[in-house]
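Let me give you the structure first, and then I'll get to my questions.
The values are calculated or read from the model by the stated rules, or taken from the named source; none is laboratory data. Computed from a predicted structure; not experimentally measured. When we count neighbours, we look across all protein chains shown, and the Cβ atoms used for this are built from the backbone with ideal geometry, even at glycine. Quick note on the areas: whole protein, heavy atoms, side chains included, nothing else; ligands and nucleic acids left out. Shrake-Rupley method; radii C 1.70, N 1.55, O 1.52, S 1.80 Å.
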Amino acid sequence: MTSSDALVRVSTARGVTTLTLDSPHNRNALSTALMTQLLDGLAAAVADDTVRVIVLDHTGPVFCSGADLKETAAAYASGTVPAGKLGDVLAAVWECPKPVVARVAGPARAGGLGLIAAADLAVCAEEATFAFTEVRIGVIPAVISATVLPRLHPRAAAELYLTGDTFDGRRAAEVGLVTAAVPADGLDEAVARYCASLVKGAPKALAGAKELLRRPADTDLRAEIADLAARSTGYFLSEEGREGVLAFREKRAAAWVPAE
């Protein structure tokens, strides 16, 4: 693949890999090519032990406009649409063992909202706009619901799914779609601050914490407590756990914290 064919740019610094959607000509639409490159970038970052955090970024004024409707229209002749690939992308981000942070400087629509919701943390500019516009073109936000609905407050989900109305970054934070909304000129600083905190976490512990966040609640409280207690003991007795406790007692950075 030549540089001119790259729709997802990859860069790494101090343990943070940034995957930048770089298809501004179609507002970073989720074409099959872009999604394939994004999956490849995620897989490479996961496989690289020096990578501790993954940031999803974008070029151009739009974070992501959702499905590539031009590609979708062309696919009608075959009786299929590329929704399956979107499901693969959302699952890869949601299940990623490393923390994923979305940096959202501009508008997001439809599938782009699924991508934001799949990330562990999402920071947007207050001026960014969002909308679940699916019902207005005769479809429903089906695939993205897997990641969006666990984030949104139920009443807000009903309002936003059914009306298709546009809302801003502040509302996105209020309803749980994003972690924080900040002034545009403070976006990079906010993302960097989260990344600086995340790289201080032990890699295996971060992956384990993500498993807890995805774990469905057990109806049997005692069984759930027993399982969680066993997990806790395992981590305390692990190599990372021992190093973390020792580093805390010695008032130094743990071995996994990247050097300045």
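Points 7 angstrom from Cα along the Cβ direction at Glu224 and Lys70: gap in nanometres?
Each label point is offset 7 Å from its Cα along the Cβ direction, giving 4.9 nm.
Run the reach check for Lys70 against lysines, Cα to Cα strictly under 20 Å, same-chain hits fewer than 8 apart removed. What comes back?
Lys85
Okay, next question. Suppose each label sits 7 Å from its Cα in the direction of the beta carbon; what would the Lys251-Val10 distance come out to in nanometres?
Simple spin-label model gives 4.2 nm for this pair.
Is it possible to state the helix-based mean residue ellipticity at 222 nm for the chain, with each DSSP H run of 4+ residues giving -39500 (n - 2.57), the sum divided by total residues, to the nearest 500 deg cm²/dmol? What is it?
Working: 11 runs with 117 residues, N = 260.
For the chain, the value works out to -13500 deg cm²/dmol.
Work through the residues other than Ala29 whose Cβ is under 13 Å from its Cβ and net out their charges, Lys, Arg +1 and Asp, Glu -1.
Net local charge, Ala29 excluded: +1.
Could you give the length gained by full extension between Ala44 and Ser238, i.e. 0.36 nm per residue of separation minus their alpha carbon distance, to one decimal place?
This chain segment gains 67.2 nm when fully extended.
Calculate, for Ala259 and Thr166, the FRET efficiency according to 1/(1 + (r/R0)^6) with r their C-beta to C-beta distance and R0 41 Å; round to the nearest 0.05.
0.40
Considering only Arg222, Arg14, Arg109, give the residue with the highest GNM mean-square fluctuation for the chain, with springs between Cα atoms whenever their separation is below 10 Å.
Most flexible of the set in this elastic network: Arg222.
Now, a different point. Amide H neighbours of Ala67 under 5 Å, at least 5 residues apart or on other chains, H built in the peptide plane: list them.
Leu30, Gly111, Gly112
Further question: Calculated from the structure, Kirkwood radius over Cα pairs in Å equals which of [x] 20.1; [y] 18.2; [z] 19.5?
[z]
Under 22 Å between alpha carbons, and skipping anything fewer than 8 positions from Lys204 in its own chain: which lysines qualify?
Within the straight-line cut-off, Lys204 pairs with Lys98, Lys251.
Pick from Ala181, Ala43, Ala158 the residue whose mean-square fluctuation is largest in a GNM of the chain, springs joining Cα atoms under 10 Å.
In the Gaussian network model the winner is Ala158.
What fraction of the DSSP beta bridges in the chain is antiparallel, stated in percent and rounded to the nearest 5?
Antiparallel bridges make up about 30 percent of those DSSP assigns within the chain.
Ignoring everything but the protein chains, give the 1.4 Å probe accessible area of Thr32 in square angstrom, nearest 10.
Looks like 50 Å² after rounding.
For the chain, return all DSSP H helices satisfying: extent of Cα atoms along own axis at least 20 Å; mean Kyte-Doolittle hydropathy at least 1.0.
Numbers: long enough: 32-47 (22 Å, 1.34); 221-237 (24 Å, 0.39).
The qualifying helices are 32-47.
Would you mind telling me which residue in Gly111, Gly186, Gly87 has the biggest mean-square fluctuation in a Gaussian network model of the chain, where springs connect alpha carbons within a distance under 10 angstrom?
It is Gly186.
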